[in-house]
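See below for the structure under consideration.
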Amino acid sequence: MQRHDLNFLEFMQSFRRGELLRQGNEQLERVISAMKETGGDGSITITLPFKFNKGGQIECTPKVTGKVPPRAMGTGIYFADDEGRLSRRDPNQLDIEDEIDRRRAAD
């Protein structure tokens, strides 16, 4: 006689012909990749809400979500010029080209 009852693992494997497992695998790969990239922590949450429908059957609409660690933006270094604008160059430091021009003019 064939069994028709499902344990937890069988439920997870057979839900929508493996769709729950596919989504779980996608989230797992996404979270682990982000963790490797950022060095931060991540998590996967599987929610299995069950409810009775009007016919007395039990319905389940699972939700699989992943929480990836945020990617750090990094720090930018800038200088302020005399007009209050940002610059990547230090306005108080001569460029090498300026120094070369100064030495050529002195010769």
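So here's what we get for this one:
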{"item": "Zero-based 10 Å bins, Cα pair distances in the range 24-78, whole percents", "result": "23, 30, 21, 15, 8, 2, 1"}
{"item": "Euclidean distance between Cα centres, the range 2-41 to the range 58-72, Å", "result": "10 Å"}
{"item": "Charge context of Glu59, other residues only, Cβ under 14 angstrom, K/R +1, D/E -1", "result": "+4"}
{"item": "Rg/Rg_ref, the chain, where Rg_ref = 2.2 N^0.38 Å and atoms are Cα", "result": "2.32"}
{"item": "FRET efficiency for Asn7 and Thr38, using Cβ-Cβ distance with R0 set to 30 Å, rounded to 0.05", "result": "0.25"}
{"item": "Full-extension gain in nm, Asp81 to Asn53, via 0.36 nm per residue minus C-alpha separation", "result": "3.2 nm"}
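Since every read-out is calculated from the coordinates, none of them should be taken as a lab result. None of the values given here were measured: they were computed from a predicted structure. Using ideal geometry, Cβ is built from the backbone for each residue, glycine included, and neighbour counts are taken over all protein chains shown.
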